[in-house]
1. Please specify each residue of the stretch 245-263 satisfying the condition of being closer than 14 Å to residue 195 by Cα and more than 13 Å from the ligand (Cβ to nearest atom).
2. Out of all the residues in the stretch 184-197, which are away from the ligand (no atom under 16 Å from the Cβ) and of a type outside the set (Gly, Ala, Ser)?
3. Test each condition in (1) modelled with pLDDT of 95 or more; (2) buried (at least 20 other Cβ atoms within 10 Å of the Cβ) for residue 149 and report the one that comes out false.
4. Would you mention how many residues in the stretch 164-222 are among the β-branched types (Val, Ile, Thr) and under 21 Å from the mean Cα position of the chain (by Cα)?
5. Report every pair of residues separated by at least 6 positions or lying on different chains whose Cβ atoms are under 7 Å apart, first residue within the stretch 249-262 and in the same structural domain as residue 273 (by TED's automatic domain parsing) and β-branched (Val, Ile, Thr), second open to solvent by 40 Å² or more (accessible area, probe 1.4 Å) and near the ligand (Cβ under 6 Å from one of its atoms).
6. Just the residues that are closer than 16 Å to residue 191 by Cα, hydrophobic (A, V, I, L, M, F, W, C) and more than 19 Å from the chain's Cα centre (by Cα), please, taken from the stretch 223-271.
7. From the list 158, 169, 176, 134, exactly one residue is assigned by TED's automatic domain parsing to the domain that holds residue 263, without any contact (Cβ under 8 Å) to a residue 40 or more places away in the chain and open to solvent by 30 Å² or more (accessible area, probe 1.4 Å). Which is it?
8. Being more than 13 Å from the ligand (Cβ to nearest atom) and under 19 Å from residue 59 (Cα atoms) is true for just one of 203, 235. Which residue is that?
Amino acid sequence: MPELPDLVHVEDVLRKTIAGKTITGARTGDPTVLRIMVGEPFPALLVGRRIETVERRGHFMRFGISGGLVVVVNAMLVGRYKLLPHAPGAPKKDPKKDPRALGLALDFEDAPELQYLDDKRMGKVYVARAEDEAKIPIYGGIGLDLMSPAFTRAAFGAAMARRRDQVRAFLMDKSALASIGNAYADEILFAAGLHPKTFCRKIDPPGVDALYESIGRVLTEAIAEIRRRDQPIEIKVRDFLVVRGRDGKPCLVCGTTIRSVRVGAGDACFCPTCQPETRKLFVNWSQLGDRKA
Ligand SMILES: [Zn+2]
């Protein structure tokens, strides 16, 4: 799925391109991807309205629409956003010819066409009244936004203290943290020197500090790199990642072969040397001895 750093770039580009523009047409290739939570027919309920705001919230993209509506997109796995060059005077498109992967297309009078495409059709596009947006599944219950001032060391520590699961599952739990996917979970754990199967309760306060700091640093650096590359929004820029997708290749820090391991429902890439299963570094043996005595 597009992850937070990708979506920050998408948000920047879409805000510049379509914010303030009036929708002249809307289409979908698969009505099951489009969830209309408003008692009005599609596409008439969107046509003639203006895009007022474009805002990323966690891994969701939220479009504020004039007249008190929102369009909220949950891009899963292979979902992607795309802008098509504006073609004034082009013949009207035949919705019957749209591929099923087209979740939603929005046309504008004087801006590129925006498409949300999803080859696996696992993502969802919701159209709702703004007052009902908390009812949108998952979106209504997302956790701490990692780019917001609310993401403090104290808030992170409090969220983690309640966890009995493995650290990678915690990082990827959207109801706790908004939002980390497979790629950046691996990058963050590598930066923190934590094995992906470490249980949250086994991580001591310096380990939590390292994890908190790594989340901020890895995401901020990725955002800067993706902005610098400034690729079209449908392209996921991932070639700068240090562990994700590099299993079988040497670790860039120590040369050990990066491995892939099953963790919960997903696969994690990690370096067995930089991310040992037990992190003795954090254990203060003398203190443990005192406690026993
Ligand atoms: Zn290593």
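1. Hits for the stretch 245-263 are 260, 261, 262, 263.
2. The answer is 184, 197.
3. So residue 149 meets the others, but not (2).
4. The first filter runs over the stretch 164-222 and keeps only residues among the β-branched types (Val, Ile, Thr), leaving 167, 180, 188, 198, 203, 208, 215, 218, 220.
Still in the running and under 21 Å from the mean Cα position of the chain (by Cα): 167, 180, 188, 215, 218, 220.
Final tally of qualifying residues: 6.
5. 256/273
6. Correct list: 251, 252, 253, 254, 258, 270, 271.
7. On the way: 169 fails: without any contact (Cβ under 8 Å) to a residue 40 or more places away in the chain; 176 fails: open to solvent by 30 Å² or more (accessible area, probe 1.4 Å); 134 fails: assigned by TED's automatic domain parsing to the domain that holds residue 263.
After ruling out the rest, the residue left standing is 158.
8. Going through 203, 235 in turn, just one is more than 13 Å from the ligand (Cβ to nearest atom) and under 19 Å from residue 59 (Cα atoms): 235.
The values are calculated or read from the model by the stated rules, or taken from the named source; none is laboratory data. None of these values were measured; they are calculated from a predicted model. Here Cβ is always computed from backbone atoms with ideal geometry, including for glycine, and neighbour counts include all displayed protein chains. The area values use the complete protein model at the heavy-atom level, side chains included, leaving out ligands, DNA and RNA. Shrake-Rupley method; radii C 1.70, N 1.55, O 1.52, S 1.80 Å.
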